[in-house]
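Enquirer: Sharing a structure with you now.
The values are calculated or read from the model by the stated rules, or taken from the named source; none is laboratory data. Small disclaimer: the values here were computed from a predicted structure and weren't measured. Because the Cβ atoms are built from the backbone with ideal geometry, glycine has one as well, and the counts that use them run over all protein chains shown.
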Amino acid sequence: MSELLESLVASVLASDKYAHITPDFVRAVAAEQLRRHAKSKDALKATKNKLHQVAAAYFDGKVTYTAWLRQLAQASAEERRAVCRAIMANHASTRERLPVLDNLYATLTAKLPPIRSVVDVACGLSPLAALWLPDLTHYYAYDVYHDLADFLNSFFQLIGVQGGAYVQDVLSNPPSQSADVAFVMKALPCLAQLDAAAAESLLDRLDAEHLIVTFPARSLSGRAKGMVENYSARFESLVAARCWQAERLIVANEVVFIVHQLARPV
Ligand SMILES: C[S@@+](CC[C@H](N)C(=O)[O-])C[C@H]1O[C@@H](n2cnc3c(N)ncnc32)[C@H](O)[C@@H]1O
């Protein structure tokens, strides 16, 4: 089994599309697919499909981290936000948010105490919106791509924000870093495709007084399919079962819950 698993992991990582994903995460996905499929050919196909669904599908632009870093380094402080916007257009999740980015971050900063530190779970390119958080000093970002983490670490250095970007499967290893606010933006539906129970229990592991939990109002293909109602009902039942207070906003294509943890998990 373990030889078969390692050869499957190697086959996945040999493909350019998945080469930068952390092998540990590929291994976890592949092990699950080997349990489900008798033929290794089918398990390989299913592993790639799953990695596409939960990660690669969102990177639908051309990823050119070196060029992006150069553009960021050459931009003046005033130009930098425009460069960040252009870069965020390369990940479907942040691209959908661009028309409401100013409004969303202004609303969050107005509704919460000063946001000095952020934990961003399954972050994609959203840490580039750090420039929209005026009081920020520390940003801790987590995703499964090595090249993304390297890029974000250089970005944080460039803008003088401390913290870091970490290559981490947040389901098997939830971040333990404490912060003022934890962002779980459009991440739960995606993580639930891997393990619904682990995605929910991740919320209880986050060490932040406030959580920003968001859901897409439309699928990647643009269909709405009652998503606002379904995600809201499910999340509201999670809130009701905890010592949380939550406010829901609908900001264009995103359902945003601002959650205040009244009692923190021990
Ligand atoms: C829907 S996108 C959300 C990105 C970002 N939070 C945003 O709102 O723009 C989901 C992200 O989760 C990441 N991801 C998927 N599974 C993960 C896991 N187990 N651990 C950490 N990140 C994961 C993907 O690489 C992708 O960047």
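Enquirer: Please go through (1) within 9 Å of the ligand (Cβ to nearest atom); (2) touching a Ser or Thr at 6+ places or on another chain (Cβ under 9 Å) for GLN193 and return the number of the only condition it doesn't satisfy.
Expert: (2)
Enquirer: Among (1) away from the ligand (no atom under 16 Å from the Cβ); (2) at pLDDT 95 or above; (3) not assigned by TED's automatic domain parsing to the domain that holds GLN177, there is one condition PRO113 misses while meeting the rest; what is its number?
Expert: Answer for PRO113: the failing condition is (3).
Enquirer: Restricting to region 54-90, what's the tally of residues that are surrounded by 12 or more Cβ atoms within 10 Å (Cβ to Cβ), part of a helix (DSSP H, G or I) and hydrophobic (A, V, I, L, M, F, W, C)?
Expert: Of the residues in that region, 12 qualify.
Enquirer: While we're here: I'd like the full set of residues that are of a type in the set (Ser, Thr, Tyr) and in a helix (DSSP H, G or I), limited to region 1-51.
Expert: Result: SER2, SER7, SER11, SER40, THR47.
Enquirer: Please specify each residue of region 69-84 satisfying the condition of being in contact (Cβ under 8 Å) with a residue 24 or more places away in the chain and either within 25 Å of ALA252 (Cβ to Cβ) or of a type in the set (Asp, Glu) (or both). Can you show your working first?
Expert: Here is the first cut: in region 69-84, the ones in contact (Cβ under 8 Å) with a residue 24 or more places away in the chain are 69, 72-73, 80-81, 84.
ARG80, ARG81, CYS84 - these are the residues of region 69-84 that are in contact (Cβ under 8 Å) with a residue 24 or more places away in the chain and either within 25 Å of ALA252 (Cβ to Cβ) or of a type in the set (Asp, Glu) (or both).
Enquirer: Let me ask you something else. Out of everything in region 212-248 that is touching a helix residue (DSSP H, G or I) at 6+ places or on another chain (Cβ under 7 Å) and among the hydrophobic types (A, V, I, L, M, F, W, C), what residue ends up being surrounded by the most Cβ atoms within 10 Å (Cβ to Cβ)?
Expert: Residue satisfying both the conditions and the ranking: VAL213.
Enquirer: Residues being of a type outside the set (A, V, I, L, M, F, W, C), in contact (Cβ under 8 Å) with a residue 24 or more places away in the chain and more than 8 Å from the ligand (Cβ to nearest atom): count how many of those fall in region 136-190.
Expert: 18
Enquirer: Report, by residue number, each residue of region 157-174 that is out of contact with any Leu (no Cβ under 7 Å at 6 or more places or on another chain) and either under 26 Å from ALA199 (Cβ atoms) or at pLDDT below 95 (or both).
Expert: Passing the criteria: GLY163, GLY164, TYR166, VAL167, GLN168, ASP169, SER172, ASN173.
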